[in-house]
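Here is the structure we will look at.
Please treat every number below as a calculation from the coordinates, not as lab data. Bear in mind the structure is a predicted one, so any value in this text is a computation, not a measurement. All Cβ positions, glycine included, derive from the backbone under ideal geometry; neighbour counts span all protein chains shown.
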There are 2 protein chains.
Amino acid sequence: MVRSTPQTHGDILAAASRRFAVTGYRGTSLQDIAGEVGCSKAAVLYHFANKEAILTELMAPAIGVLRSLDDQIAAQPDPASAQRVAAEGFVDLAVRFRSEIALLRGEFPELLQQPVFAHIQLISERLIDALAGHPERPSARITALVLLAGIAETCGQFADVPDKELGDALLALLRRALEPAH
Amino acid sequence: MVRSTPQTHGDILAAASRRFAVTGYRGTSLQDIAGEVGCSKAAVLYHFANKEAILTELMAPAIGVLRSLDDQIAAQPDPASAQRVAAEGFVDLAVRFRSEIALLRGEFPELLQQPVFAHIQLISERLIDALAGHPERPSARITALVLLAGIAETCGQFADVPDKELGDALLALLRRALEPAH
DNA sequence: CACTGATCTGACCGATCGGTCAGCTCTGAC
DNA sequence: GTCAGAGCTGACCGATCGGTCAGATCAGTG
């Protein structure tokens, strides 16, 4: 997949990341990216098969960590520890990859339907169940979904807040807001 | 502004509302709307000056209520009552207009830059301050922003939950999660 | 009847999109 | 010196977008 042209390839990724963060994925054209890199649009498509491939490569690390968090949650023996692992793992994910998450800038619904994010919907449903603690209780599911969406939607805006401070604030919020599982 | 052609005018609004809810504002073309109404694209543009005018008319009631909530918050004598009014008012707004809010489907960032929503950014900043209780405390602002964005982003997904049940769940969440102002 | 104005249509416009393609340039191996 | 291939370009493609426009239709009015 990844061609070995380190310089330009990386430049394109960096430029795309910057542009996506400002104007979103759909709002950024290949011409925009090419302009920021200082090459032609055709050069961008020489290094990447298509526009989606750029997004795929940018999001790959975050998706990998999300997958392993999903496995980790599934391995927990009881709902209470699953809830704790889900909360801590999700906050850690959101803080570490907040710039990558910010790229999606409110385009989750459409982007989730793209092949790259095929399994993400299932994973996030399991994540909500784990966070809710009582998946059968509507208010618990509402709480979990609001917190999950809220963190995903906003974490990218706290680029200037140190990792630890942001993580502590989010974890404290989850501990206060979630209904404890038993 | 509003031409007096009740039938088609209303049909277009209803069709646009349905399509926006499924494919978002940017993801819905004038041709899509015309197709759903059963008229030509030119007919749509006969009843509305442009695409944005359709969105404007759909969102007008919700924006009006948001404006009056802003005034109401500003009139409170102390931070504690401002926080209470903000929480109750915002939950009420989100529940009542959840289908309208759902139309924006994660397009807040782009749409907020359109003239229709010119003042919304200022209003939402004041709303966050009021909800935070301690606007100078970073963790309080993070909490308020996560909750505000989370509710706005998700309330449209609870179309099948009764108003009262959804409102109670959201208000209980806010009471648990927000740091009390003094 | 003639005329008017509201309603609506099909054809069209310029702009922009993601993507393709033939061919240019340069470097390194033989 | 020559050849191959990586890297890149400009021109181009078909599709789609929001929006315009001249004109057809038709109901109401005098």
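If you look at the Cα atoms of the range A:1-152, you get an Rg and a Dmax of 17.6, 54 Å. Taking θ as phi - 60° and the Karplus parameters 6.51, -1.76 and 1.60, the scalar couplings of the range B:82-91 work out to 5, 5, 5, 4, 5, 5, 5, x, 5, 4 Hz in sequence order, x denoting glycine and proline. Note on B:Gln7/A:Asn50: beta-carbon distance plugged into 1/(1 + (r/R0)^6) with R0 of 41 Å gives a FRET efficiency of 0.40. The relative contact order of the range A:6-49 comes to 34 percent, based on Cα pairs under 8 Å that sit 6 or more residues apart.
Using the Karplus relation 6.51 cos²θ - 1.76 cosθ + 1.60 with θ = phi - 60°, the per-residue 3J(HN,Hα) values for the range B:75-81 come to 7, 6, x, 9, x, 5, 6 Hz, with x marking Gly and Pro.
With charges set only on the Cβ (+1 for Lys and Arg, -1 for Asp and Glu), what does the dipole of chain A come to about its Cα centre, in debye to the nearest 20? Walk me through the numbers on the way to the answer.
Details: 17 positive and 22 negative charges, 50 e Å.
So the magnitude is around 240 debye.
The phi torsions of the range A:151-160, fed into the Karplus equation with coefficients 6.51, -1.76 and 1.60 and a -60° offset, translate into couplings of 5, 4, 6, 10, 4, x, 7, 9, 4, 8 Hz, rounded to whole numbers, with Gly and Pro shown as x.
Classify the range A:6-49: rounded, prolate or oblate, from the alpha-carbon gyration tensor (a ≥ b ≥ c, eigenvalue square roots; a/c under 1.5 rounded; otherwise prolate if a/b is larger than b/c)? The partial results should precede the final answer.
Values: a/c = 1.83, a/b = 1.47, b/c = 1.25.
Judged from the Cα gyration tensor, the range A:6-49 comes out prolate (a/c at least 1.5, a/b above b/c).
Label the protein assembly as shown by shape, choosing from rounded, prolate and oblate, from the square roots a ≥ b ≥ c of the eigenvalues of the Cα gyration tensor; if a/c is under 1.5 it is rounded, and otherwise prolate applies when a/b is larger than b/c, oblate when it is not.
Details: a/c = 1.58, a/b = 1.01, b/c = 1.57.
In terms of gyration-tensor shape, oblate.
Given an 8 Å cut-off on Cα distances and at least 6 residues of separation, report the relative contact order of the range B:26-182 as a percent. Mind dumping the intermediate values first?
On the way: 130 pairs, mean separation 39.1, N = 157.
The normalised contact order for the range B:26-182 reaches 25 percent.
Under the simplified labelling scheme, the B:Leu171-A:Gln121 pair shows an inter-label distance of 3.4 nm, with each label point 7 Å from Cα along Cα→Cβ. Per residue of B:128-139, other chain Cβ atoms within 10 Å of the residue Cβ number 1 on average.
Once a ≥ b ≥ c are taken as the square roots of the eigenvalues of the Cα gyration tensor of the range B:140-182, is the result rounded (a/c under 1.5), prolate (a/b larger than b/c) or oblate (a/b not larger than b/c)? Numbers along the way, then the final one.
Values: a/c = 4.31, a/b = 1.65, b/c = 2.62.
Because a/c hits 1.5 or more and a/b fails to exceed b/c, the range B:140-182 counts as oblate.
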